[in-house]
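Report on one structure; see the data block that follows.
The values are calculated or read from the model by the stated rules, or taken from the named source; none is laboratory data. All values reported here derive from a predicted model rather than from experimental measurement. Ideal geometry is used to build each Cβ from the backbone, glycine not excepted, and the neighbour counts take in all protein chains shown.
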Amino acid sequence: MQFEKFKVMQFPREVLVGHNVLGHITEICDRYSKSRKAGIITGNITYDLAGATVESSLRASGIETEVIKTGNATTENLEKVETWAREISPGILVGVGGGSKVDITKKVAADIEIPYVSVPTSPSHDGIASPRASIRKPNQSLSETAVMPIAIIADTSVMVKAPFRYLAAGAADVISNETAVMDWKLANRLKGEEISSSAAALAEYASHELLEKINLIVPGVEDSVWMVTKQILASGTAMAIASSSRPASGSEHLFSHVLEIQGKGSAIHGEYCAMGTVVSMYLHGGNWEKIRSAFSSIKLSTKAKDYGLSDEDVINALSTAHSIRPERFTILGDTDMSHSAAERALEITGII
Ligand SMILES: [Zn+2]
């Protein structure tokens, strides 16, 4: 039989992570911008945190710089930013923010075909290092394929100022690789889905590292931010190798997506994923207690009511999550889980 396999992988060209790396923004823009004009996409708080520094550094080096402050990653905000970007016609975009600003930047950069730099201001999820942008439409969240950032500048001295809750959520998003990879292996065994062993190994390595060093993740310590950010970047690399979010997104993410799309509860992405990981690990027959105690050691609750979620909210989310992305086979199977089985799994794991 003739060999016909092929694969396309996209990686960022440069990844700068650590103390005060934000200062390198000028050389990055000098190297990769298509012109001497840059557009910064940020928010009110993130502008003060890092956007202003990016703006003044670029201006000081003679790069014409425009700034737009935007809100959540909704289709409405996306359109506004895209119109602005087409008007100013920059040679590069710089997304400065926790998640939504970088998501908007990704999509706009892909649409107008210019490179962009990801400057995360909090280490709250692995989207800072992936080509996927989640843009929210009323009642639905779309994960859209955009492009990889040309560079990532993850400054730990900036990110350490974010509330500890974000760091814990970012760690949980990485730890969710545990069940994501189990789901991927299951889909490989049951459905013959292609699996990339190197991507799976790297994703597992990232989550194992954080589980092993969970006690070193503490508030206000830049070294903790460094540890989590490194593994967020490793997760991003695993996704790049797989050319898919598969190594970092399985049943626990399907569960999380249902609640996020329905706008249920006050949790942030990594917190929904944490609950999802605990219950998925239980369904896989794995050591869910270990995962749950890791979360509680970083003060991340996996109790639904702590996020204003009712028992019914999470029972329904768990039993219907398989249908949100039917092509992504996981432990949740192909049909709705029965109400009583979902309820029992959530009760045993202490989520309800
Ligand atoms: Zn995630």
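Scan segment 311-352 for residues that are among the hydroxyl-bearing types (Ser, Thr, Tyr) and touching a residue at least 40 places away in the same chain (Cβ under 8 Å) and the total you get is 3. Quick one: would you say Ala201 is buried (at least 24 other Cβ atoms within 10 Å of the Cβ) and more than 13 Å from the ligand (Cβ to nearest atom)? No, not satisfied.
Here's the yes/no breakdown for (1) surrounded by 18 or more Cβ atoms within 10 Å (Cβ to Cβ); (2) among the acidic types (Asp, Glu); (3) out of contact with any Phe, Trp or Tyr (no Cβ under 9 Å at 6 or more places or on another chain):
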{"site": "Val21", "(1), (2), (3)": "yes, no, yes"}
{"site": "Ile25", "(1), (2), (3)": "yes, no, yes"}
{"site": "Ile28", "(1), (2), (3)": "yes, no, yes"}
{"site": "Arg31", "(1), (2), (3)": "no, no, yes"}
{"site": "Lys34", "(1), (2), (3)": "no, no, yes"}
{"site": "Gly39", "(1), (2), (3)": "yes, no, no"}
{"site": "Thr42", "(1), (2), (3)": "yes, no, yes"}
{"site": "Gly51", "(1), (2), (3)": "yes, no, yes"}
{"site": "Arg59", "(1), (2), (3)": "no, no, yes"}
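Scanning segment 267-301 for residues that are modelled with pLDDT under 95 and over 17 Å from Ser249 (Cα atoms) gives no hits.
Determine, yes or no, whether Glu82 is out of contact with any Pro (no Cβ under 7 Å at 6 or more places or on another chain), outside any loop (DSSP other than H, G, I, E, B) and without any contact (Cβ under 8 Å) to a residue 12 or more places away in the chain.
Considered against the rule, which asks whether it is out of contact with any Pro (no Cβ under 7 Å at 6 or more places or on another chain), outside any loop (DSSP other than H, G, I, E, B) and without any contact (Cβ under 8 Å) to a residue 12 or more places away in the chain, Glu82 comes out as no.
Kindly indicate which of Ser56, Ser35 is among the hydroxyl-bearing types (Ser, Thr, Tyr), on the phi < 0 side of the Ramachandran plot and free of Cβ contacts under 8 Å to residues at least 24 places away in the same chain. Sole residue among the options that is among the hydroxyl-bearing types (Ser, Thr, Tyr), on the phi < 0 side of the Ramachandran plot and free of Cβ contacts under 8 Å to residues at least 24 places away in the same chain: Ser56. Select from segment 260-313 the residues that are under 14 Å from Arg165 (Cα atoms), polar (S, T, N, Q), away from the ligand (no atom under 16 Å from the Cβ) and in a loop (DSSP other than H, G, I, E, B) and list them in ascending order. Residues satisfying the conditions are Ser266, Ser301. From the list Ile150, Ile128, Ile135, the one residue that fits, being more than 16 Å from the ligand (Cβ to nearest atom) and among the β-branched types (Val, Ile, Thr), is Ile150. When segment 302-326 is examined, which residues are found to be under 22 Å from the mean Cα position of the chain (by Cα) and of a type in the set (S, T, N, Q)? Listed by number, the residues that qualify are Thr302, Ser323.
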